[in-house]
Amino acid sequence: MKTRFHNYDNVSNKKSFSDLLKWSKERRRKKKDLTMQIPHADNKEMDRIKQNLSHFSITWIGHSTFLIQAAGLNILTDPVWAKRMGFQKRLTEPGIPLTQLPEIDIVLISHGHYDHLDFGTIRNLKGNITYYVPMGLKKTFTRRGYKQVLEANWWDSFSHNGIRITFVPAQHWTRRSINDMNTSHWGGWIIESEKSVYFVGDTGYFRGFKEIGERFTIDYTLMPIGAYEPEWFMADSHINPEDAIKAFLETKSKTMIPMHYGAYRLADDTGPEALERMYKEWDRLQLPSNKLAVLKIGETLWWE
């Protein structure tokens, strides 16, 4: 009997075939402008990134992929350089070419969906890498020959060369084949070093944000804002921009960095639409501009 993982309050993400048909009909009626894309940074800091062993930095590669440099370590979240996701072409190129990455020390995986776990990318990473993955995913790595793989349940913590890594809850689901729905877990990761980073992963809005904010002091929250439309279908799994801000405030984090928009068309919203809604809500709440850091693809945030 396979173990099946669950959300807080047993929130279910299952949708019926009639739900899928309804969404498909809605999508055909919508007209979206896909010519406007998220801008790229000029990528002039590659040499600095490669040589950096002393400064904390966060670089947005695109979608949910970040390169985080902390305590002399190179950390990748959900590394995906795939040019396609199912039948959909990638809309924007990754911010750093895969061949230009420094050697990687740690890879953090939020869950097993293909836009967050791409073995085509992982095969091409360089370095003596330790993979931290949700419970149930280790065998997916070990049968491909990866040996340094550690599994985590929610709230499990690890020490790694001077930093602390904790797997925290999210509201989502996962599947990589027909019969393995929710046989591995999902969540976010807290990285505690000279600065603390909360990589939220993929999630709908849920009460866990308050709990995470009570347990941790967070400097930067990497918060998803895209793939929310239609909301009647997506809300259990993907947070909308307004609720993303609400969740950010509940974590008591110092700075929000939006992610999970603009790279793949996973739902009906576009990257520019997600940003527009986020900015509108930020202004409505009269939140300080210095608490929001919207990165271009490939842009690096440095902490000296």
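The values are calculated or read from the model by the stated rules, or taken from the named source; none is laboratory data. All values reported here derive from a predicted model rather than from experimental measurement. With ideal geometry, Cβ positions are generated from the backbone for all residues, glycine too; neighbour counts draw on all protein chains shown. Surface areas here come from the heavy atoms of the whole protein model, side chains and all, with no ligands, DNA or RNA. Shrake-Rupley method; radii C 1.70, N 1.55, O 1.52, S 1.80 Å.
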Those residues of segment 1-42 which are at pLDDT 85 or above, more than 21 Å from GLY226 (Cα to Cα) and not in a helix (DSSP H, G or I) amount to THR3, ARG4, PHE5, HIS6, SER16, ASP42
Could you say which residue among ASP156, ASP219 is among the charged types (D, E, K, R) and either modelled with pLDDT under 95 or within 17 Å of the chain's Cα centre (by Cα) (or both)? ASP219
Here is a check on your reading of the model: is ASP105 closer than 24 Å to GLY213 by Cβ and either modelled with pLDDT of 95 or more or touching a helix residue (DSSP H, G or I) at 6+ places or on another chain (Cβ under 7 Å) (or both)? no
Residue by residue through segment 122-146, note down the ones that are open to solvent by less than 60 Å² (accessible area, probe 1.4 Å) and within 15 Å of TRP186 (Cα to Cα). TYR131, TYR132, VAL133, PRO134, MET135, GLY136, LEU137, THR140
Reported set for segment 81-121 where residues are closer than 19 Å to GLN69 by Cβ, of a type in the set (Asp, Glu) and either open to solvent by 60 Å² or more (accessible area, probe 1.4 Å) or touching a residue at least 60 places away in the same chain (Cβ under 8 Å) (or both) is GLU103
Just checking, how many residues over segment 162-186 are touching a helix residue (DSSP H, G or I) at 6+ places or on another chain (Cβ under 9 Å) and either closer than 17 Å to HIS260 by Cα or open to solvent by less than 30 Å² (accessible area, probe 1.4 Å) (or both)? 6
Can GLU151 be described as among the charged types (D, E, K, R), crowded, with 17+ Cβ neighbours inside 10 Å and over 22 Å from TYR228 (Cβ atoms)? yes
Taking into account only those residues within segment 267-304 that are in a loop (DSSP other than H, G, I, E, B) and open to solvent by 50 Å² or more (accessible area, probe 1.4 Å), which is modelled with the lowest pLDDT? GLU304
Flag for HIS238 being open to solvent by 10 Å² or more (accessible area, probe 1.4 Å), under 24 Å from LYS15 (Cβ atoms), under 16 Å from the mean Cα position of the chain (by Cα) and not polar (S, T, N, Q): yes
